[in-house]
Structure formats: C-alpha cells, structure tokens
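Engineer: I have a structure I would like to understand better, so I am pasting it below and will then ask my questions one at a time.
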Amino acid sequence: MGGGMVMEVDVAIVGGGMAGLALAVALQERGIQAHVFEKAPAKRKHFGTGMSIGQNGIRALEGIKPGLSEKMESLGQRTRQFTTTIRQPGEPEIKISPSSQLVASERMFTITWKSACDSLLDSLIDSDKVHRRHTLIDYKPVEDGVEALFEVQVDEASGLSTAETKVTAKLLVGADGVWSRVRELMVGDEPRNLNLVTWLGIVPTDIARSMQLHQDDEISFISYPSKRTGIITCHCGSGQSLWHFRIPDESGELMKSFTSDFHDHGQEARKMRVLKRIEAMKELQNMKTVIERTESSVIREDRNFDRLPLSSWSDPSGHVVLLGDAAHGMYPGPGMGARVAFEDAHQLALLLHEAFSSPTPATAVPAAIKRYEHLRIPRCTALQGFAAELTTWPAMIPELLQSLSPEQKAQRVEEFFRWINKYPAAMAGDPDSSFWKPEQVTGM
C-alpha cells in the first residue's frame with residue numbers, strides 16, 4: 001500500500017447501499033457535510049432483486065427528502081392486493097386475499113433495488129462525495145471525533161495496486177450491511193446463519209405476465225409450510241418483475257456444493273441449482289419457465305443471515321454508530337429491511353441536524369447518538385424478533401406464540417403491521433394494541 005490522501009468531513013458513512021445513500025441524502029438536505037465510502041468499484045448494473053415500500057418507509061422517505069417517495073413510486077408499481085396461497089400435502093389448497101397488511105387507506109409500492117438506489121444517487125447534489133473502491137480497514141477515537149483508515153483500490157495506470165485514505169470525522173456511521181466491517185471492529189460478533197437459501201431474479205414483466213405469475217398490482221405469495229418453502233412474485237415497475245424462491249438448508253449440504261458448482265458452470269450454476277429444486281414441483285411449471293427465461297447474470301443466490309439484537313449500536317466515545325442492516329439485519333420475510341433503514345436515516349438525520357446546529361457539536365453528537373439508540377433499538381429489536389419467527393424454525397418461535405390460539409396469532413400479526421405503519425408515531429409501541437404495547441416492546 002502506498003500513496004494516499006487525508007480528508008476531514010462532518011460525517012463519514014461506510015457503505016454506499018440503500019441505508020448509506022438514504023442517510024447521505026437526508027444529511028445533505030439539512031446542510032451537513034457527509035461523504036460515503038463504498039468498497040465496490042462502480043455502481044452496479046443490476047441487483048437481481050426488488051422490494052416493497054409501505055407506509056412507514058414512505059413517511060421516512062418523505063422525511064429524508066420531500067418528494068422522494070413519489071419519485072421512487074414513479075419508477076415502481078403501486079400495490080393494491082396481496083394473494084397468499086397455502087399448500088400442504090394431502091390438504092386442499094387455501095387462498096387468502098386480501099392480506100391484513102394492506103387496507104384501502106394505505107399506500108404501498110414495489111420497485112427494483114437498482115431503481116431505488118438510483119433514485120437516491122440522483123438525489124445527491126454532489127456525486128463526488130461518494131467514494132468508491134474504499135474498504136474500511138480500521139478506525140480509532142481522536143479528540144472530538146474519529147479517524148478511519150480506508151484501503152483504496154487504485155487504477156493500474158498509477159503504478160500502485162492500493163493506496164490509503166485517512167478520514168477524520170465527527171461521526172462515523174456503519175451502514176455497511178449485514179456483514180458490516182464497522183460492527184466487526186466495534187462488537188466482534190458474526191451474522192447468524194438462518195439455514196435458508198433464496199434464489200431471486202428480475203425478468204421482463206411480459207414474460208411473467210405470459211406465465212400468469214402475478215397481476216400487475218399484486219404481490220403473490222405461495223407457501224409450503226411443511227417444507228419451509230416460499231415463493232414471492234410481483235411486478236416492480238419499469239417493465240420488470242421479481243421472482244423469489246426460498247428453501248431450507250438445515251444441514252448446510254446445499255451450500256457446500258456451491259463452490260464446486262460455480263467452478264464447473266460459472267453463472268449458469270445458480271440457474272441450474274434453482275431449476276433442479278423446482279422441477280419436481282409440477283404445479284410450478286409456469287415459474288420454472290420464467291426462471292429458464294431469466295438471464296443468468298441477474299439471478300441471485302443468497303444464504304439468509306440475520307443479526308442478533310444489540311443493547312447499544314455505538315462505541316463508548318459516541319462518535320461511531322451503526323445503521324440499517326449493520327445494526328439490525330433481519331430475515332426478509334416481513335419485507336421491512338429497506339423500510340426500517342429509511343426510518344433509521346430519517347431519525348438520525350433529524351437528531352444530527354440539531355447536534356451540528358449547536359454551539360458545541362463535539363458534545364452534542366454523542367448525545368444525539370444516545371437519543372437515536374433510545375428511539376430505535378426497542379423498535380428494531382421487536383422487528384428482528386418478529387422477522388425471525390417467520391423462518392418457522394422452532395428455536396426462533398417465542399413461548400408466547402406457542403400458547404396463542406390461531407385467532408390470537410392472526411390478531412398479533414395484524415397489530416404488528418398496524419403499529420409499524422403508524423411511523424413516526426408510536427415509535428416504541430402501540431398503546432392501542434394487545435400484543436405490541438410500549439411496555440411489551442421495551443421489555444423484549
């Protein structure tokens with residue numbers, strides 16, 4: 001490693017994904033100098049997935065920057081209905097529609113991950129504040145802030161393979177995902193393997209429509225509870241549809257085969273493996289055809305991991321803090337990952353605006369971080385637990401749930417989404433609920 005540069009910024013954000021970009025936009029709107037440091041060399045051409053944004057995410061986006069949710073929705077697809085199909089061996093198929101997650105007064109839309117990220121990037125006035133090829137190596141407290149060291153991949157023409165950048169900031173934010181380097185340095189724990197494997201792909205909607213995978217304004221779920229297998233399909237706007245296929249891998253044998261398969265077959269290995277798992281499911285031949293017609297380069301293959309809740313998201317100095325999946329990575333079942341990251345970005349930006357407006361930012365920033373943790377940790381701990389339940393692994397089902405009747409379980413799910421969608425009100429719990437009252441949420 002050689003060469004390098006030194007920078008001084010108000011806020012250094014590690015990670016240029018959804019959470020980091022959302023925070024950068026929110027701070028920009030409040031006149032705070034924030035720089036994003038991303039290890040990827042360039043903006044991705046695709047992500048192979050999409051997401052849904054509901055009421056809480058929409059309100060958070062509007063708090064980040066007015067008009068941002070409308071901008072995203074214009075690139076996405078309004079959701080007006082859910083269809084859930086439950087298939088159990090030897091039992092009649094059950095269809096449930098509409099889902100309790102959506103009522104007529106609520107707004108929800110789906111969008112490809114790439115379109116959402118592009119919307120955030122386009123909202124940044126100064127794109128030069130996004131620094132690519134920067135991998136965080138370490139950080140250390142300094143007076144009134146933190147110094148972070150990044151390894152930088154340099155173009156070959158410079159004669160160096162890597163250089164280093166030292167960044168001094170009043171606040172370092174780890175928005176670097178479930179495999180967060182900031183969290184590794186701060187806490188030292190690792191993500192939890194959920195023993196589930198998911199394949200995802202983006203395909204032209206005309207193909208999905210021809211195979212009747214979903215209606216244009218619908219999110220379709222198919223569940224095989226006894227097999228812990230789930231399928232999601234939906235239109236994500238811009239002429240693109242998402243398919244999502246999840247299966248269990250409790251023994252880990254499936255994952256062990258991935259490296260050799262990829263070595264032998266390259267990108268085709270992902271398509272080969274998902275087709276192998278779906279070909280025996282005769283009732284899913286329409287989805288099999290869609291997968292066959294999906295470009296191998298846009299098929300993702302993910303092991304599912306989450307993060308165990310933390311009682312603190314910051315270091316002792318109060319000048320380093322976690323946000324998004326780095327703080328509370330969760331199973332994607334309830335579709336809350338991006339929405340809650342937007343909440344984080346919104347709330348942290350509001351608090352930092354006050355801190356940087358004070359005559360003594362050096363002391364105001366740590367105080368703002370404590371307030372951020374107080375607001376966010378109980379809510380996100382409850383979200384993480386609820387998401388983990390949806391894996392249906394027995395070890396992740398709380399005792400309370402085991403004692404509830406089917407009607408009470410349904411009520412609890414309905415109350416959960418009603419509470420979450422009240423954001424930014426009722427942040428720490430819904431006093432009008434039976435299962436998610438503030439004292440219940442803060443006690444989790």
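The values are calculated or read from the model by the stated rules, or taken from the named source; none is laboratory data. Source: prediction; values computed, not measured. Using ideal geometry, Cβ is built from the backbone for each residue, glycine included, and neighbour counts are taken over all protein chains shown.
Engineer: Evaluate the range 362-369: report whether one residue or more is modelled with pLDDT under 95, over 28 Å from R412 (Cα atoms), assigned by TED's automatic domain parsing to the domain that holds A387 and over 18 Å from the mean Cα position of the chain (by Cα). Break it down into steps so the answer makes sense when it comes.
Structural biologist: The initial filter retains those residues of the range 362-369 that are modelled with pLDDT under 95, namely 362-363.
Then keep just the ones that are over 28 Å from R412 (Cα atoms); that gives 362-363.
Remaining after also requiring assigned by TED's automatic domain parsing to the domain that holds A387: 362-363.
Within this subset, residues satisfying the condition of being over 18 Å from the mean Cα position of the chain (by Cα) are 362-363.
So far as the range 362-369 goes, yes, one or more of its residues are modelled with pLDDT under 95, over 28 Å from R412 (Cα atoms), assigned by TED's automatic domain parsing to the domain that holds A387 and over 18 Å from the mean Cα position of the chain (by Cα).
Engineer: Could you tell me which numbered condition S226 fails, if it satisfies all but one of (1) part of a strand (DSSP E or B); (2) over 20 Å from K271 (Cβ atoms); (3) of a type in the set (G, A, S)?
Structural biologist: (1)
Engineer: Specify which of the listed residues (A338, A367) is in contact (Cβ under 8 Å) with a residue 24 or more places away in the chain, crowded, with 16+ Cβ neighbours inside 10 Å and either assigned to a helix (DSSP H, G or I) or of a type in the set (F, W, Y) (or both). Spell out how you get there, then give the answer.
Structural biologist: Details: A367 fails: crowded, with 16+ Cβ neighbours inside 10 Å.
So the residue among A338, A367 that is in contact (Cβ under 8 Å) with a residue 24 or more places away in the chain, crowded, with 16+ Cβ neighbours inside 10 Å and either assigned to a helix (DSSP H, G or I) or of a type in the set (F, W, Y) (or both) is A338.
Engineer: Only residues that are surrounded by fewer than 19 Cβ atoms within 10 Å (Cβ to Cβ), out of contact with any Phe, Trp or Tyr (no Cβ under 6 Å at 6 or more places or on another chain) and either acidic (D, E) or more than 13 Å from H214 (Cα to Cα) (or both): list them for the range 66-86, please.
Structural biologist: Within the range 66-86, P66, G67, E70, K71, S74, L75, I86 meet the criteria.
Residues checked against (1) of a type in the set (D, E, K, R); (2) touching a helix residue (DSSP H, G or I) at 6+ places or on another chain (Cβ under 6 Å):
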| position | (1), (2) |
| --- | --- |
| I219 | no, no |
| L242 | no, no |
| T289 | no, no |
| R293 | yes, yes |
| S297 | no, no |
| D306 | yes, no |
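Engineer: Is it true that I231 is within 30 Å of A395 (Cα to Cα) and in contact (Cβ under 8 Å) with a residue 60 or more places away in the chain? Step through it out loud before you land on a result.
Structural biologist: Numbers: within 30 Å of A395 (Cα to Cα): yes; in contact (Cβ under 8 Å) with a residue 60 or more places away in the chain: no.
Taking the combined requirement at face value, the residue does not satisfy it.
Engineer: Scan the range 319-335 for residues that are of a type in the set (A, V, I, L, M, F, W, C) and in a helix (DSSP H, G or I) and report the count.
Structural biologist: First, the residues of the range 319-335 that are of a type in the set (A, V, I, L, M, F, W, C): 320-323, 326-327, 330.
Narrowing the set further to residues that are in a helix (DSSP H, G or I) leaves 326-327.
Number of matching residues: 2.
Engineer: Let me ask something else about it. Only one of E184, E190, E147 is surrounded by fewer than 21 Cβ atoms within 10 Å (Cβ to Cβ), more than 22 Å from the chain's Cα centre (by Cα) and either not in a strand (DSSP E or B) or not small (G, A, S) (or both); which? Lay out the reasoning, then the answer.
Structural biologist: Values: E184 fails: more than 22 Å from the chain's Cα centre (by Cα); E190 fails: more than 22 Å from the chain's Cα centre (by Cα).
Only one candidate qualifies: E147.
Engineer: If I go through the range 370-405 residue by residue, how many of them are under 18 Å from D325 (Cα atoms) and in contact (Cβ under 8 Å) with a residue 12 or more places away in the chain? Even if it seems obvious, please write down each step before you answer.
Structural biologist: Residues of the range 370-405 under 18 Å from D325 (Cα atoms): 372-391.
Then drop every residue that is not in contact (Cβ under 8 Å) with a residue 12 or more places away in the chain, which leaves 372-373, 375-391.
Adding up the residues that qualify gives 19.
Engineer: Test K140 against the criterion of being in the same structural domain as V321 (by TED's automatic domain parsing) and either without any contact (Cβ under 8 Å) to a residue 40 or more places away in the chain or small (G, A, S) (or both), and give yes or no.
Structural biologist: Numbers: in the same structural domain as V321 (by TED's automatic domain parsing): yes; either without any contact (Cβ under 8 Å) to a residue 40 or more places away in the chain or small (G, A, S) (or both): yes.
Against the criterion (in the same structural domain as V321 (by TED's automatic domain parsing) and either without any contact (Cβ under 8 Å) to a residue 40 or more places away in the chain or small (G, A, S) (or both)), K140 qualifies.
Engineer: Turning to a different aspect of this structure: In the set V203, V167, V173, which member is modelled with pLDDT of 95 or more, assigned to a strand (DSSP E or B) and in the same structural domain as I86 (by TED's automatic domain parsing)? I'd like the intermediate steps shown before the answer.
Structural biologist: Details: V167 fails: in the same structural domain as I86 (by TED's automatic domain parsing); V173 fails: in the same structural domain as I86 (by TED's automatic domain parsing).
Residue meeting the stated conditions: V203.
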